């Protein structure tokens with residue numbers, strides 16, 4: 001797989017921008033479900049809020065680990081291993097790298113959240129401890145990545161717009177989806 005030279009940027013309806021670093025995109029590429037036997041994968045998004053801005057950067061993700069449940073059409077993240085990594089990153093960064101949300105894969109070209117995904121995301125908004133009022137949710141498809149934001153106050157889930165062009169980011173990750 002070709003290394004992606006730049007990250008991608010998604011924007012919420014209220015103007016917040018979420019950048020996925022190139023290294024994160026490279027990790028996502030490893031888990032695309034392109035073969036019939038490939039199982040869903042997932043983890044958490046770790047990153048930082050930019051100073052004097054409402055923008056965020058995802059610098060790192062957790063990847064599938066012991067305790068996760070993976071199937072062709074389902075992923076359930078185990079809590080302990082991923083939480084241990086969130087705590088470690090927060091501690092070693094002096095509290096600047098934080099939990100920003102969740103990611104997983106789907107075996108479809110241009111992924112859409114299932115009702116199970118939406119219910120799970122709303123549960124995260126209701127029960128997870130996180131900075132601010134917003135969590136971000138990413139689904140990695142076989143040909144594109146899509147992102148959604150959810151707010152704690154209303155537990156609404158909204159699609160995010162892709163701001164970065166395909167030419168800037170590489171062949172698979174950023175196709176615009178209507």
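The values are calculated or read from the model by the stated rules, or taken from the named source; none is laboratory data. Everything quoted here is computed from the prediction, not taken from an experiment. Cβ atoms come from the backbone with ideal geometry, glycine included; neighbour counts cover every protein chain shown.
One residue stands out in region 47-57 among those that are without any contact (Cβ under 8 Å) to a residue 60 or more places away in the chain and in a strand (DSSP E or B): the one that is farthest from residue 105 (Cα to Cα), namely 48.
The residue list 8, 44 contains one member that is under 24 Å from residue 96 (Cα atoms) and free of Cβ contacts under 8 Å to residues at least 60 places away in the same chain, which is 44. Scanning region 81-94 for residues that are in a loop (DSSP other than H, G, I, E, B) and surrounded by fewer than 13 Cβ atoms within 10 Å (Cβ to Cβ) turns up just one, 94.
Would you please name the residue that is surrounded by the fewest Cβ atoms within 10 Å (Cβ to Cβ), looking only at residues in region 59-76 that are part of a loop (DSSP other than H, G, I, E, B) and modelled with pLDDT of 90 or more?
66
Of all the criteria given as (1) touching a strand residue (DSSP E or B) at 6+ places or on another chain (Cβ under 6 Å); (2) buried (at least 19 other Cβ atoms within 10 Å of the Cβ); (3) free of Cβ contacts under 8 Å to residues at least 24 places away in the same chain, the one not satisfied by residue 117 is (1).
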